[in-house]
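Data first, discussion second: the structure below is written as structure tokens.
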Amino acid sequence: MSAVSSARAFPALQSALANRYTFERELGAGGMATVFLVRDIKHDRHVALKVLRPELAAVIGAERFLQEIKTTASLQHPHILGLIDSGETAHQLWYVMPFVDGESLRDRIQREKQLAVGEAVRLVVEVAGALDYAHRHGVVHRDIKPENILLQEGRALVADFGIALAASKVGDTRMTETGMSLGTPQYMSPEQAMGEREISARSDVYALGCVLYELLIGEPPFTGPTPQAIVARVMTGEPAPMTAERKTIPLHVEAAVLQALQKLPADRFASTADFALALGNPSFASSTAATRVLVRGRPTVAWLPWVFLAASLSFISFEWIRPKVEFAPEPVYRLNIMLPDSAEWTGDIVSSPALSPDGTMLVYNGRDSSSVRRLYLREMGKAGPIPIQGSENGSLPIFSPDGRRVAFALDARIVKVPVAGGAPETICETGGLSRATWLESDTIIFANRTGLMMCASNGQVTPLLKSASGERFDFPHGLPGDRGVLFGIRGDTASRLLVINPRTGAVKPLDILGSDPRYVSTGHVVYVNPEGRLRAVPFDVKSLAVVGEPIAIDETVRVEIGGASMALSRNGTMVIPGIGSQALVLVDRSGKFERLHPKLGNFGDPKFSPDGRRLAVRLDNNIWLLDRTQRTLTRLSFDSAASRPVWSIDAHRVAYTRQIGRRADARVINPDGNTKADSLIAMPTLEIWEVLFAPGGRSILVRTVGGPGRRDVWMASLDAPSQLKPLLATPANEVAPAVSPDGRWLAYVSDESGRDEVYVRSFPSMEGHFQVSSDGGAEPVWSPRGGELFYRSGPLLQAAEIRAGTSFDVVRRTPLFSDGSYVSDGTHAVYDVTPDGSHFVMVKRMQAGSYMSVTLNWFANLKDRGAAARR
């Protein structure tokens with residue numbers, strides 16, 4: 001159906017939803033609903049809107065549909081196509097799902113006929129996980145088939161949970177009266193085909209077995225010329241043996257499929273999770289399925305004892321002579337946990353998440369729809385994250401060894417809270433810390449400017465190891481049984497790894513250059529090498545020694561100041577935060593935006609050249625230049641991790657910060673790209689997080705970590721950049737410095753009042769003290785034309801009109817626009833203003849929410865490969 005005919009079919013619905021969704025075209029129509037591609041006006045994205053058939057809507061009823069759809073909306077699983085919106089409008093029942101720009105499993109089958117065995121099993125295991133999750137939440141799908149399994153970037157997404165629950169409450173009798181039934185004959189379980197009222201999760205097990213049978217053989221187990229004929233064969237027939245048709249199908253896979261296709265629900269797997277486990281177990285063989293496999297050649301019953309005897313004798317003989325061969329390692333699984341907009345990942349360096357030792361619970365830094373930062377706890381087996389009480393502005397979470405408590409940094413303290421809920425309790429004062437680890441003895445080891453410190457359960461803090469002048473300790477990580485604590489040490493060279501015995505204080509170097517070490521129970525230490533890549537090295541806990549060569553980990557992880565933004569459980573589960581596709585956009589003062597470049601990517605820190613013709617921007621850990629006229633992106637830097645570019649006043653140079661292992665410095669490069677980058681400033685005891693050129697062109701401002709307030713602002717001459725003079729070095733944290741176009745005023749953010757606010761002082765004398773924001777503020781940016789200072793208050797961009805003469809006054813504050821989809825950062829400005837002050841360049845998330853990427857079994861495979869190599 002064309003867009004025109006679709007418009008004629010649903011004119012009242014389109015008119016009623018015109019302020020929310022723009023209908024573009026019909027995607028398809030099935031027995032239950034008509035599907036439209038629509039544009040979500042508020043979020044500027046494509047989504048799929050399904051309109052129930054009128055007769056189905058009449059049977060279900062609006063009240064039941066809207067009530068039951070709430071349960072469906074709570075299903076949040078990486079392999080379930082989620083629900084975005086729903087309602088009754090113009091006498092139509094509808095619901096909205098993400099638009100998957102891919103294909104269905106049916107499309108894949110029609111194109112390829114049969115899938116590779118491993119690929120087919122992987123997809124079915126992903127669907128099994130989604131169904132098991134739904135079953136545990138009381139939802140049976142009832143219509144699993146290739147059409148309802150979508151493929152997005154190779155992973156399976158189960159669709160159409162939107163109808164299943166509501167329709168199931170009606171019953172098949174009333175459904176049949178309308179000429180409809182939930183289920184498709186080729187995939188209906190026998191009890192569903194008989195019209196039984198109570199349909200259990202084992203019906204979905206049957207349907208999933210049918211799907212895998214078709215993926216491997218090329219057609220479902222039962223076919224026929226009419227639906228009635230198919231149902232008759234479902235009730236009375238037996239599926240043909242699979243290995244007779246395709247000899248490459250492993251026997252345990254055939255046995256699992258045949259058990260899933262048993263007539264009686266009690267003879268099938270109890271859950272789709274059990275089905276998935278059987279598919280991954282080479283030794284699996286069900287009694288019923290195994291018997292059918294043996295009699296495939298139709299031997300008489302009298303022969304069977306001799307068959308078993310011959311097989312047993314052959315097995316015994318073979319055991320004496322065959323080499324020992326282990327079962328194939330578990331397959332590596334990668335999946336995404338979607339995070340809701342109300343608890344999206346913050347995306348900055350202090351947001352590194354934490355996993356419980358058994359990998360079942362995740363804690364991460366999130367930001368709600370009002371941009372309030374707090375910690376969230378997400379149990380892997382439950383629907384969504386929950387906020388941790390009292391964790392506002394907390395960071396760097398860690399789990400206790402038993403997984404029952406979470407500790408995190410808050411101000412200059414370490415606090416703890418039970419995962420079951422409760423108010424935070426202070427463990428100890430830290431004086432500022434980087435990272436911490438919780439030992440089995442209930443002692444916490446943390447790093448600060450003086451070295452490694454021990455925090456006892458009673459709150460007493462004692463030094464474990466003092467750092468020498470110019471050295472910095474960080475990233476402590478406890479080993480099993482408190483045998484040692486891994487940590488990194490940084491001086492003038494790249495960070496190196498060591499281990500310390502917490503009982504004796506004995507220190508042992510590991511002869512590895514790197515940082516952020518973590519131990520996995522497969523016998524490996526994971527760390528970040530000097531190039532910012534993940535490595536795993538075999539490690540013996542008893543001797544506290546490296547016992548093999550490093551192996552590359554094929555995961556892309558954001559690394560800043562030597563720390564990897566990831567969580568790693570003791571059993572080897574990896575969780576790596578990610579965010580949706582991002583775009584560079586130009587936004588006017590009303591909030592209307594347009595794309596500056598068609599590319600989507602990990603953009604950040606855009607800065608206009610003084611004439612506004614070019615943009616320096618971070619992309620994939622390096623600095624790129626965007627020519628606005630030509631719309632071309634050209635790579636400028638070639639460093640391990642470069643960010644936060646700024647232009648010199650004459651536009652002849654671009655400065656940026658760079659991380660090499662645990663060391664951070666600043667570099668400068670010609671934007672024409674005809675020269676290599678030169679060092680601008682490097683300090684052995686301070687981490688350089690931001691630089692900017694002061695008006696006049698002969699001095700720079702430097703924002704560091706490691707000074708009196710941990711975050712401070714300094715000034716230096718370009719002729720002697722290492723000779724820093726303090727501008728803002730107080731007990732408070734000062735970040736995001738910005739000098740006015742006339743060079744007379746310095747705006748910055750400070751937490752001196754207990755929360756972040758924007759202040760202004762005269763520059764460079766630093767006299768006066770004027771507060772600009774009135775209800776929290778961050779990321780100040782001056783208008784190049786003067787007269788205005790922009791800043792963020794949560795998701796809201798504010799314009800402060802100023803009058804600056806002998807004094808400084810805020811005339812008025814004008815809210816411009818509020819949109820939580822624009823990337824923000826509390827420590828520096830991640831947007832900029834055009835030279836005429838009329839528009840803003842920002843980084844916009846083009847997909848709602850964010851996600852965490854989960855990797856399972858990677859280290860189990862690594863252990864198997866290592867064992868095979870040793871043999």
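Give the residue from Gly390, Leu27, Val372 lying farthest towards the positive end of the charge dipole for the chain; charges sit on Cβ (+1 for Lys and Arg, -1 for Asp and Glu) and the dipole is referred to the Cα centre.
Leu27
I'd like the Karplus ³J(HN,Hα) series for the range 533-544: coefficients 6.51, -1.76, 1.60, θ = phi - 60°, whole numbers in Hz, and an x wherever there's a Gly or Pro.
Working through the residues one at a time gives 10, 7, 9, 10, 10, x, 9, 9, 5, 5, 8, 6 Hz.
Taking only complete DSSP H runs, can you tell me which helices of the chain stretch 20 Å or more along their own long axis by Cα positions and average at least 0.5 on the Kyte-Doolittle scale?
117-136, 201-217, 304-321
Scan around Ala694 for amide H atoms under 5 Å from its own, H built in the peptide plane at 1.01 Å from N, and keep only partners 5 or more places away or cross-chain.
Close amide H contacts, sequence-distant or interchain: Ser699, Ile700, Leu701.
Which aspartates and glutamates, if any, have their Cα less than 14 Å from the Cα of Lys592, not counting same-chain residues under 8 positions apart?
Candidates past the 8-residue exclusion: Asp44, Asp819.
Take peptides 790-798, 551-559 and line them up by average Cβ neighbours within 10 Å, highest first, as a rough protection proxy.
Going by the mean number of other Cβ atoms within 10 Å, highest first, we get 790-798, 551-559.
Going toward the positive end of the dipole of the chain, with +1 on Lys and Arg Cβ and -1 on Asp and Glu Cβ, which of Ser824, Gly787, Ala128 do you reach last?
Result: Ala128.
Quick check: the distance between the Cα centres of the range 200-259 and the range 520-558, to the nearest angstrom?
First find each Cα centre; the distance between them is then 44 Å.
Can you compute the modelled spin-label distance between Asp554 and Glu531, with each label point 7 Å from Cα toward Cβ, in nm?
1.6
Give me the percent of the accessible area of the chain that comes from carbon and sulfur atoms, probe 1.4 Å, all protein chains in place.
52
For the chain, what is the charge dipole size about the Cα centre, in debye to the nearest 20, if Lys and Arg each add +1 at the Cβ and Asp and Glu each add -1 at the Cβ?
1080
If you roll a 1.4 Å probe over the heavy atoms of the protein chains, what accessible area per residue do you get for the chain, in Å²?
42
Take the Cβ-Cβ distance between Arg25 and Thr504 as r, set R0 to 56 Å, and report the resulting FRET efficiency rounded to the nearest 0.05.
0.20
Name the shape class, rounded, prolate or oblate, that the alpha-carbon gyration tensor gives for the range 560-626, where a ≥ b ≥ c are the square roots of its eigenvalues, rounded holds for a/c under 1.5, and otherwise prolate holds if a/b is larger than b/c and oblate otherwise.
Prolate shape, in that a/c is at least 1.5 and a/b is the bigger ratio.
Identify, among Gln723, Pro282, Pro815, the residue whose Cα sits farthest towards the positive end of the charge dipole of the chain, taking +1 on the Cβ of Lys and Arg and -1 on the Cβ of Asp and Glu, with the dipole about the Cα centre.
Pro282
Taking the Cα centre as origin and putting +1 on Lys and Arg beta-carbons and -1 on Asp and Glu beta-carbons, what dipole magnitude results for the range 581-710, to the nearest 20 debye?
With only Lys, Arg, Asp and Glu charged at Cβ, the dipole is about 160 debye.
What FRET efficiency comes out for Glu88 versus Glu55 if R0 is 25 angstrom and r is the Cβ-Cβ distance? Round to the nearest 0.05.
Taking R0 as 25 Å, the efficiency between Glu88 and Glu55 is 0.95.
Taking a Cβ-Cβ separation under 4.7 Å as the criterion for a possible partner, which cysteines of the chain have none?
For the chain, the answer is Cys210, because their Cβ atoms have no other cysteine Cβ under 4.7 Å.
Using the Karplus equation 6.51 cos²θ - 1.76 cosθ + 1.60 (θ = phi - 60°), what ³J(HN,Hα) coupling, rounded to whole Hz, does each residue of the range 828-843 give in order, writing x for Gly and Pro?
Here the 3J(HN,Hα) series is 7, 6, 10, 8, 8, 10, 5, x, 8, x, 9, 9, 10, 9, 9, 9 Hz.
Using 0.36 nm per residue, how much length does the chain from Glu196 to Ser369 gain when fully extended, once their Cα-Cα distance is taken away?
Once the chain is fully extended between Glu196 and Ser369, it gains 57.8 nm.
Sum -39500 (n - 2.57) across every DSSP H segment of at least 4 residues in the chain, then divide by the residue count to get the 222 nm mean residue ellipticity, nearest 500.
My calculation for the chain gives -5500 deg cm²/dmol from helical runs alone.
Cross-link list Lys42/Lys113; Lys382/Lys416; Lys607/Lys725: which exceed 30 angstrom alpha carbon to alpha carbon?
Pairs exceeding 30 Å: Lys42/Lys113.
Between Asp411 and Asn281, how many nm apart are label points set 7 Å from Cα along the C-beta direction?
About 5.4 nm separates the two model spin labels.
Heavy atoms of the protein only, probe of 1.4 Å, neighbouring chains included. What is the accessible area of Glu103 in Å², nearest 10?
We get 50 Å² for Glu103.
If r is the Cβ-Cβ distance from Phe638 to Arg595 and R0 is 35 Å, what FRET efficiency results, to the nearest 0.05?
Efficiency, from the Cβ-Cβ distance: 0.85.
Which whole-Hz couplings ³J(HN,Hα) result when phi for each residue of the range 775-790 is put into the Karplus expression 6.51 cos²θ - 1.76 cosθ + 1.60, θ = phi - 60°, listed in order with x for Gly and Pro?
Result, rounded to whole Hz: 9, x, x, 7, 6, x, 9, 7, 6, x, 7, x, x, 9, 10, 8.
Magnitude of the Cβ-charge dipole of the range 398-485, K/R +1 and D/E -1, about the Cα centre, nearest 20 debye?
Its charge dipole is roughly 120 debye.
If each residue of separation counts as 0.36 nm, what is the full-extension length gain between Ala12 and Asp101 once their alpha-carbon separation is subtracted?
Once the chain is fully extended between Ala12 and Asp101, it gains 29.3 nm.
Find how much the distance from Ile649 to Ser753 grows on full extension, using 0.36 nm per residue of separation minus their present alpha carbon separation; answer in nm with one decimal.
Stretched out fully, the Ile649 to Ser753 stretch lengthens by 34.1 nm.
For the chain, compute Rh as the Kirkwood radius over C-alpha pairs and then the Stokes-Einstein diffusion coefficient at 10 °C and 1.306 mPa s; write the answer in µm²/s, rounded to an integer.
The diffusion coefficient I find is 52 µm²/s.
What residues from the range 122-164 fall in the zone where the backbone N is under 15 Å from a label point 7 Å along the Cα-to-C-beta line of Arg64?
Of the residues in the range 122-164, 163-164 have backbone N under 15 Å from the label point off Arg64.
The values are calculated or read from the model by the stated rules, or taken from the named source; none is laboratory data. All figures in this text were calculated on a predicted structure; none of them were measured in a lab. Glycine gets a Cβ as well: all are built from the backbone with ideal geometry, and neighbour counts include every protein chain shown. Just so you know, the surface numbers come from the protein's heavy atoms only, side chains and all, with ligands and any DNA or RNA stripped out. Shrake-Rupley method; radii C 1.70, N 1.55, O 1.52, S 1.80 Å.
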